[in-house]
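Comments concern the structure below.
The values are calculated or read from the model by the stated rules, or taken from the named source; none is laboratory data. Not measured: the values here are computed from a predicted model. Neighbour counts are summed over all protein chains in view; Cβ atoms, including those assigned to glycine, are modelled from backbone coordinates with ideal geometry.
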Amino acid sequence: MMSLFSMFDPTAWFYIQINWIFINISLLLIPMTFWKISSRSNMLINLILSALNKEFQSLFNKNIFKKGTSLLTISLFLLILMNNMSSNFPYTFCASAHLSFTLVLSIPIWLSIMIFLWKNISKSMFSHLVPSGTPAILMPLMVLIEVTSNMIRPMALAVRLTANLIAGHLLMALLGNTFKINSFYWMVILLIQTSFMMFELMVAMIQSYVFSVLMTLYSSEMS
């Protein structure tokens, strides 16, 4: 069991966590416009980014968040997507499966949004603590519940992303240990592994989208 979870351990070399550097190396996978005519992958990513930009702009409150705010969530989406996609291949490191990575993404962004909203629309933030129609005797309890739910949201985002990736990578490791080329049913196991890897690639894209969209929805809900 310890060897199964050892794939999530960072590798140290001269007291440097080498595998964490892979977070920055994954940025090299983003296609650049080195040619006069854009490549198909670059055109596909531009199409995805324009669709995400329209969706995020519709979710943000335009009276509070200015133009260009969606760049934050789009950059967050790309960073998580590249890490999730690249971690499905052999000899790579899954940074998104560590709470130290996901909490660093969720808590500072969520805290900065909360500080911005409390500074600019403090009256509206106070009104969100007590839903309309709440009896006066339940108001202190509702304030406590709303504050607790707001504090739990970034942690829930981080745990959701980490748990989904850990579960998928553990299943892939278990399937890999059962593969033996000399066995009678090795073709069946190979087909299952290939299909499950395609499924994990879909999960990697969905989880990055869910993380960025929920961060946007939580901020727009408070505003």
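Things to note:
- Residue check, SER208 modelled with pLDDT of 80 or more, assigned to a helix (DSSP H, G or I) and surrounded by fewer than 13 Cβ atoms within 10 Å (Cβ to Cβ): no
- Within region 188-213, the residues that satisfy the criterion of being closer than 14 Å to LEU52 by Cβ and in contact (Cβ under 8 Å) with a residue 60 or more places away in the chain are MET205, SER208, TYR209, PHE211, SER212, VAL213.
- Some residue of region 121-140 being charged (D, E, K, R), loosely packed, with under 12 Cβ neighbours inside 10 Å and at pLDDT 80 or above: no
- Answer from ALA158, ALA95, ALA163 - the residue that is under 29 Å from TYR209 (Cβ atoms), out of contact with any helix residue (DSSP H, G or I) (no Cβ under 8 Å at 6 or more places or on another chain) and at pLDDT 80 or above: ALA163
- Residues that are β-branched (Val, Ile, Thr), part of a helix (DSSP H, G or I), modelled with pLDDT of 80 or more and surrounded by 11 or more Cβ atoms within 10 Å (Cβ to Cβ) are absent from region 167-190 altogether.
- Condition check for LEU175 on (1) within 18 Å of ALA97 (Cβ to Cβ); (2) under 24 Å from the mean Cα position of the chain (by Cα): one failure, at (2).
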